[in-house]
Amino acid sequence: MKRKILISVAIILTAALLVTVLVACNKSYKQDALPDSPGAEAAVTSNGGMAVKVGNYLYFINGYAGQDGDNEFKNVVKGAIMRAPIENGVPNRDKVQTVVPKNVYNSEESSSLVIKNGYIYFTTPNDENDSNGDPKSSEMILMRSTLDGSKIETIAKFDDYTVTYRVSANYIVYKKGTELRLIDLNDKFEDSLVASEVGTVVFPDYADNSNALDDVVFYTKTPADPYASHNEIWAYRAGSAPVKAIDGLGNYDIAVLPHPAGYSITILDVDFVGTDKVRLHYTKTDSGANKRSTGVYSYTFDASFAFNSANEIRYTKGVTYTALKFVDDMHILATDSDSIDMIYFENNEWKRMPVVEAAATVMDVVKTDNSYALTYLQSNVVKKLNFTFAGTLTLETNTTLFNNAYSSDWLGLDLVDGIVYFFNDDVLDNIYYLDLKKVDSRDVRTQTATRLGVFSDTDIIAMLESDTASTEE
């Protein structure tokens, strides 16, 4: 009789535990809708980052709270998704509203705020506890919310933050380990395998303008032949079948290959061309002693992803870069470890010339006729270089626009419509902004950033304690 009672108790406890688990896995994130929210058709610019412009609103992450920051729904202030109306070209701090009171966090710079079809996509630490009662914040939850915050859903859960992803209108494509996988946003978040044994996956930046191929990703694969020294580039459009875009051996005439083993190709980036094409940037090399193919190349694909080696463009010989910024088809700003160079087409050949002779990153460039305005980041300082280029380079002005301390634990600087947003390293990683258009290099006061977000109670206490400690010293 005693044994039967113990079994009954065990069954009851198991059932209770199961209910607890089910409740934990189906948490409710309900709240009232914010009024006057943008619709799904609202224009979205500067997608992917800590701040995204949607219609007349700026949606932003309210500071960096880290993996172990407060993540109790509705209690969250720091790290929450907030919004502010844009008035006179800048966000109005006095009208900030909380949209999603969850701690937005990741460790991958490519994983941040993404807004598509009226939804905000973001990642957050798992807010559940394990069997020992310890937080499971080392696990990542991928979620989405409507722009008014009234509907918040869990899409998928992952063991860590190494998963990278890209959101399109109807799908999320993500890489986990060596697998490329697909989540169907219109079918209960159904998860399926796209390809296995993939190498590097490159997700294009989100385009501000409409492009028919904005759901494409490229990835590398090693051929089935274990002795092969070439590789393959595949293109995948969410919901379609993968297409082999470039075969490092089979797509080239064996008679003109610098080495019969073909090419090893490394993807640099992808950008959108017009409304229906994408341009793949890559480096190539071969297995020959002299590696005569080493250089930077590009190829522009249409929706068929058909490749013709005759249309491949080679920009450099023996020299490679880490990133390309196409100003137009004939002028490219190329970045390597110690400079920003201009690659340009002249007299029927591609040439190179240094523009910034220091380690730097291109943030933005505007070309008007032969005049250029280059905004770049050098040693955590944002500078603006004005120059003219028409075969020869004439440097005009080089001024400092931004020299504030910012956190780079996750996201660095985010440039949106000429305004730079950042987590202020001097003020507990809260979000600040500086309108670069209004900076006068002769007046340091114009380089003072403005707080955008809301301080949490914890941050207020920390700042008060810091002030008290400073006074006592």
>> Which residues among the range 136-174 fall inside the zone where the amide N is under 13 Å from a point 7 Å beyond the Cα of ASN117, along Cα→Cβ?
In response: 167-173
>> What's the ranking of 182-194, 201-213, 118-130 by average number of surrounding C-beta atoms within 10 Å, highest first?
In response: 118-130, 201-213, 182-194
> Direction-averaged shadow area of the convex hull around the Cα atoms of the range 109-254, nm²?
Replying inline: 11.8
> Taking the simple approach of a point 7 Å from Cα along Cα-to-Cβ for both ILE461 and VAL273, what is their distance in nm?
Replying inline: 5.8
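Under 12 Å from the Cβ of ALA33, count the other residues' Cβ atoms, weight Lys and Arg +1, Asp and Glu -1, and hand me the total.
My count for the surroundings of ALA33 gives -1.
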>> What does the extension gain come out to for ASP338 and ASN290, with contour length at 0.36 nm per residue minus their alpha carbon separation?
In response: 14.8 nm
> What FRET efficiency do you get for ASP130 and ALA207 if R0 is 35 Å and r is their Cβ-Cβ distance, rounded to the nearest 0.05?
Replying inline: 0.30
> Given charges of +1 on the Cβ of Lys and Arg and -1 on the Cβ of Asp and Glu, with all other atoms neutral, how large is the dipole of the chain about its Cα centre, in debye to the nearest 20?
Replying inline: 940
> Just one of (1) 216; (2) 175; (3) 139 is volume of the Cα convex hull per residue in Å³ calculated from these coordinates, so which is it?
Replying inline: (1)
> Using 0.36 nm per residue, how much length does the chain from ASN347 to ASN75 gain when fully extended, once their Cα-Cα distance is taken away?
Replying inline: 91.6 nm
> Which is farthest toward the positive dipole end of the range 314-473 among TYR432, ASN398, THR368, measuring Cα position about the Cα centre, with Cβ charges +1 (Lys, Arg) and -1 (Asp, Glu)?
Replying inline: THR368
> What ranking of LYS291, LYS438 comes out by heavy-atom accessible area, probe 1.4 Å, highest first?
Replying inline: LYS438, LYS291
> Using a simple charge model, +1 on the beta-carbon of Lys and Arg, -1 on the beta-carbon of Asp and Glu, nothing else, what dipole does the range 101-227 show about its Cα centre, in debye to the nearest 20?
Replying inline: 200
> Would you list SER441, SER145 from the most to the least accessible area, probe 1.4 Å?
Replying inline: SER441, SER145
> Name the residues of the range 151-169 whose amide N is less than 15 Å from a point 7 angstrom out from the Cα of LYS30 along the C-beta direction?
Replying inline: 151-153
> With a ≥ b ≥ c the root eigenvalues of the C-alpha gyration tensor of the range 309-378, is it rounded (a/c under 1.5), prolate (a/b larger than b/c) or oblate?
Replying inline: oblate
> Could you name the lysines in cross-link range of LYS384, using Cα to Cα under 17 Å and dropping any fewer than eight places away on the same chain?
Replying inline: LYS325, LYS367, LYS437, LYS438
>> Please compute the modelled spin-label separation between ARG314 and ALA261, points set 7 Å along Cα→Cβ, answer in nm with one decimal.
In response: 1.9
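The values are calculated or read from the model by the stated rules, or taken from the named source; none is laboratory data. The model shown is predicted, which means the values in this text are computed figures rather than measured ones. Reconstructed Cβ throughout: ideal geometry from the backbone, glycine too, with neighbour counts over all protein chains shown. With ligands, DNA and RNA removed, areas are computed over all heavy atoms of the protein, side chains included. Shrake-Rupley method; radii C 1.70, N 1.55, O 1.52, S 1.80 Å.
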